[in-house]
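Asks: Can you keep this structure in mind? I'll have questions shortly.
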Amino acid sequence: MRYGGAPLPSEHHRSKAFSVIRLDGIGKQHGRQILFMEASAAINRGEKVGLVGPNGCGKTTIFRLITREEQPDGGQVSVDRGVTIGYFSQDVGEMTGKSVVAETMDGAGPISAIATELRELELALADPERLDEMEELVDRFGHVQARYEELGGYALDARAREILAGLGFSQEVMDGDTGALSGGWKMRVALAKILLMRPDALLLDEPTNHLDIESIIWLEGYLKGYEGALVITSHDREFMNRIVTKILEIDGGEITTYSGDYEFYEKQRALNEIHAEAQFDRQQAMLAKEEAFIARFKARASHAAQVQSRVKKLDKIERIEAPKRRKSVQFDFKPAPRSGDDVVNVQGLKKAYGSKKIYESFDMLIRRRERWCVMGINGAGKSTLLKLIAGASKPDAGSIAVGASVKVGYFAQHAMELLKPENSVWDEIFNEFPQASIGALRTLAGVFGFSGDDVEKPCRILSGGEKARLVLAKMLFDPPNFLILDEPTNHLDMATKEMLVDALKNFEGTMLFVSHDRNFLGMLSNRVLELTAEGPHLYGGGYTEYVAQSGHEAPGLRS
C-alpha cells in the first residue's frame, strides 16, 4: 500500500486488527483498459473514506468488487465475516405499487413484509364487505401487530419518515405511490433505504447528485453521526471535505492513501508532485553529468577504470519514472459585449400555478456585473424566476424589462433535451459556430472534456454530465453578457466544476443562478435573493455573507 500523507508506521498493524474491508494486490482490466495493477488499501471500522480519481479510473469498480458484483483478475478483496454492506449506486431498480415509506422500509429486511401485511389487514378490517371474516382478521391482526412491535416496527416507521423528511419528502408524498416519482426522487428513496439499513459499512456512489442543498446538509449531519465504515464518492467538494477523514486516490492503476480530509489531500498531493518532480530532476541532472563524463573520457586509456566504474554505477541505479502530471483544464472567456447598467428590472411580478401563488407583487433590479444566487426550499419559485427572466415563461401580471444591449444565455436542465440525438458532439459544436477555426473548436471541446475520439460520440449515448458539459461549451464559446444558470454543476465532475468556477470568476458580465454547490455559491455570488414563505429577502453580499447574516446555509435550516 502507498501512503500520500505523513508516515504512518503503525498502519500495517492497525489495518490487520481493525480493517473491515481489504484490497490486497488487486488487478482489474476492462477490455484493453487496465484499472488496477497490484493495488492495495484497507478500510477500517468507523473510518469515513473518500474515494477520488479522474473519471473512468475505477471508483465504481471498487464498489462492485467489494459487493462481489465483479471479481478481481488478480489479488484478493476481503470483507470481514458478518459485516453487512449497504451500497447506493446510480442504478435504481423498478419502484412502483408501494408507498414511499413502504418502499423505504423494504431496505430493512423481513420487517417490511410484516408492515405490508399489517397495512393490508387494516384495510380489510375497515372493509364492510368482509364482515363475515372479522373474527379471523382481528385474530390475525393481533398476531401480526405483536410481531411488528417485537421487531421494532413502529420505531422503524418513524425512523424511515425521519430519513425521508431529511431527504426532502413531505408527509403527503411519503404516503403516496413511489411509481409517481421522477427518477431523481426515486434516487432519494433508494438512498433512504440504504440509510435505514444501518449496515456495518456504507458504500455511497455520488449520493448528492439528485439532492438540493437542504438535503445535502441533512445528509452531512447524518453521516457524521454514522458509526460504521463509510466509503463515498462525490463531486461536491464541500460535502467531501466536511465528512471524510481519509482519502483513497485511484490513479494510473494504483491506490494511494492520504490520512486527512479532502483539503489536506489536495495540499499533500500537490506537495508530493513537487517532491517527485524534484527527485526526478535531481536524478536526471546526475545521470546527465555521469553520461557526459563517460562520453568524454571513454576513448582515453588513462580514464578507463573511472569510466568503467561509472558505467557499472549507472547500470545499478533504479531509474525514477517521470512524474505523471494531471492535466488541469482551463477556459478563458472571450470578452462579453458590455450591457447597459440596468440589466433586468422586474416590477409587480405575479405568477401562480393553479391556487398556489409563487410571486405576488415582486420587484427586483439586477445591475451590471452583479452575481445573484437565488436561495429557497423546493417549490419556493427559484427555477420559475429564472424562466420568467429568461423569457421561457410568461408572468400572470407585472413587467420584466431587459436592459439595453443585454445578450442572454440561459442554461436549464431541459436545454440538454434539445441536443439532437443523431448528432455527434463535434456536429453540435461545429454547427453552432461554423465560422470558427477548427483549432479553436477542438480546444473548446477538449477543455469541456471531449478530447480525441470523444468528439465523435453521438448525443444519444452521452451521460447527463457529458450533455451538461456540451451545452455549457456551446453557450460559453461566444459568451452572452447576462448568464442565467439553473443548477449548472449538476453531474459535473470536480475538475470541470473547478474549471467552470475559474472561468466564471473572470466573467465580466452579469449572472443570475441557482445551485446546490456551496463552493460554486461562495466563489461566484455577490448578491443573494432568498425566497421564503414570508416573502423575498435581499442580501447585499455573496453566499458567505448570507450564511453569516442569516445564521443558516439554506432557508429553513438553522445553524
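Asks: Could you give me the ³J(HN,Hα) list for the range 530-536, computed from phi with Karplus coefficients 6.51, -1.76, 1.60 and θ = phi - 60°, whole Hz, x at Gly and Pro?
Replies: Here the 3J(HN,Hα) series is 9, 9, 10, 4, 7, x, x Hz.
Asks: Within the range 249-323, how many lysine pairs that are 8 or more places apart, or on different chains, have C-alpha atoms less than 28 Å apart?
Replies: 7
Asks: Moving to a separate point now. Short version: what are the Cα gyration tensor semi-axes of the range 99-196, square root of 5 times each eigenvalue, largest first, in whole Å? Mind showing how you got there, number by number?
Replies: Numbers: eigenvalues 152, 49, 18 Å².
They are 28, 16, 9 Å, listed from largest to smallest.
Asks: Still on this structure: For Lys357, which aspartates and glutamates qualify as cross-link partners when the Cα separation must be under 19 Å and same-chain residues fewer than eight apart are set aside?
Replies: Result set, ordered by chain and number: Asp396, Glu530, Glu534.
Asks: Among rounded, prolate and oblate, which fits the range 342-550 when a ≥ b ≥ c are the square roots of the eigenvalues of its C-alpha gyration tensor, a/c under 1.5 means rounded, and a/b larger than b/c means prolate?
Replies: Numbers: a/c = 1.92, a/b = 1.71, b/c = 1.12.
Prolate.
Asks: Then there is this: Could you tell me which residue out of Ala392, Ile216, Tyr258 lies farthest along the dipole of the chain toward its positive end? Charges go on the beta carbon: Lys and Arg +1, Asp and Glu -1, centred on the Cα centre.
Replies: Tyr258
Asks: Please state the shape class of the chain: rounded when a/c is under 1.5, otherwise prolate if a/b exceeds b/c and oblate if not, all from the C-alpha gyration tensor.
Replies: Numbers: a/c = 2.32, a/b = 1.24, b/c = 1.87.
Note, shape of the chain comes out oblate.
Asks: Under a Cβ-only charge scheme (Lys and Arg +1, Asp and Glu -1), can you give me the dipole magnitude of the chain about the Cα centre, in debye to the nearest 20?
Replies: Magnitude of the dipole: close to 3180 debye.
Asks: Which far-off residues, 5 or more places away or on another chain, put their amide H under 5 Å from the one on Ser393, with H placed in the peptide plane?
Replies: Residues meeting the criterion, in which the H sits 1.01 Å from N, are Leu388.
Asks: Treat every Asp and Glu Cβ in the range 99-196 as -1 and every Lys and Arg Cβ as +1, leave all other atoms uncharged, and give the resulting dipole magnitude about the Cα centre to the nearest 20 debye.
Replies: Taking the Cα centre of the range 99-196 as origin, the dipole is about 780 debye.
Asks: Let me ask another. Based on the alpha-carbon gyration tensor of the range 237-349 and its eigenvalue square roots a ≥ b ≥ c, which shape applies: rounded if a/c is under 1.5, prolate if not and a/b is larger than b/c, or oblate? Mind showing how you got there, number by number?
Replies: Numbers: a/c = 5.90, a/b = 2.27, b/c = 2.60.
Because a/c hits 1.5 or more and a/b fails to exceed b/c, the range 237-349 counts as oblate.
Asks: Please list, or write none, the aspartates and glutamates whose alpha carbon is within less than 12 Å of the alpha carbon of Lys224, excluding same-chain residues fewer than 8 places away.
Replies: Those aspartates and glutamates meeting the cut-off are Glu47.
Asks: Scan around Val244 for amide H atoms under 5 Å from its own, H built in the peptide plane at 1.01 Å from N, and keep only partners 5 or more places away or cross-chain.
Replies: Those qualifying (amide H under 5 Å, at least 5 residues apart or on another chain) are Tyr262.
Asks: Also, quick follow-up: Give a quick list of trypsin sites (Lys or Arg not before Pro) in the range 276-378 that DSSP marks as loop, anything other than H, G, I, E or B, with at most 16 other Cβ atoms within 10 Å.
Replies: Here the trypsin sites (Lys or Arg not before Pro) that fit, given the DSSP loop and packing criteria, are Lys298, Arg300, Arg319, Lys324, Arg325, Arg326, Lys327, Arg338, Arg369.
Asks: Please express the Cα-Cα pair-distance distribution P(r) of the range 329-372 as a list of whole percents, one per 5 Å bin, running from 0 to the bin with the greatest distance.
Replies: All Cα pairs considered, the percentages come to 6, 15, 16, 15, 14, 11, 9, 9, 5, 1.
Asks: Kindly put Ile438, Ile26 in sequence by how many other C-beta atoms sit within 10 Å of each C-beta, fewest to most.
Replies: Ile438, Ile26
Asks: What are the residues whose amide H is under 5 Å from the amide H of Asn423, where those residues sit 5 or more places off or on another chain and H is modelled from the backbone?
Replies: Under 5 Å from the amide H of Asn423 lie the amide H atoms of Cys459, each far enough along the sequence or on another chain.
Asks: Separate question: From the phi of every residue in the range 403-412, what ³J(HN,Hα) in whole Hz does the Karplus formula 6.51 cos²θ - 1.76 cosθ + 1.60 yield, where θ is phi - 60° and glycine or proline is x?
Replies: x, 5, 6, 8, 10, 8, x, 10, 10, 9
Asks: With the radius of gyration and the Kirkwood radius both derived from the Cα set of the range 268-316, what is their ratio Rg to Rh?
Replies: Taking Rg over the Kirkwood Rh, I get 1.23.
Asks: Express as a percent, rounded to the nearest 5, the fraction of DSSP beta bridges in the chain (both residues included) that run antiparallel. Write down the numbers at each step before the final one.
Replies: Details: 39 of 74 bridges.
Among the beta bridges of the chain, antiparallel pairing accounts for roughly 55 percent.
Asks: Follow-up. So which lysines can Lys497 reach, going by Cα to Cα under 17 Å and dropping same-chain residues fewer than 8 places off?
Replies: Of all the lysines, those that pass the test against Lys497 - Cα under 17 Å, at least 8 places apart if same chain - are Lys327, Lys467, Lys474, Lys505.
Asks: Ok, one more. If you put +1 on each Lys and Arg Cβ and -1 on each Asp and Glu Cβ, how big is the dipole of the range 145-214 around its Cα centre, in Debye rounded to 20?
Replies: Using only the charged Cβ atoms, the result is roughly 120 debye.
Asks: To continue, here is another question. Relative contact order, percent, of the chain when contacts are C-alpha pairs under 8 Å separated by at least 6 residues?
Replies: 14
Just so you know, all these numbers are worked out from the coordinates, no wet-lab data involved. These numbers were taken from a predicted model, which means no experiment stands behind them. Note that each Cβ is placed from the backbone with ideal geometry, even for glycine, and that neighbours are counted across all protein chains shown.
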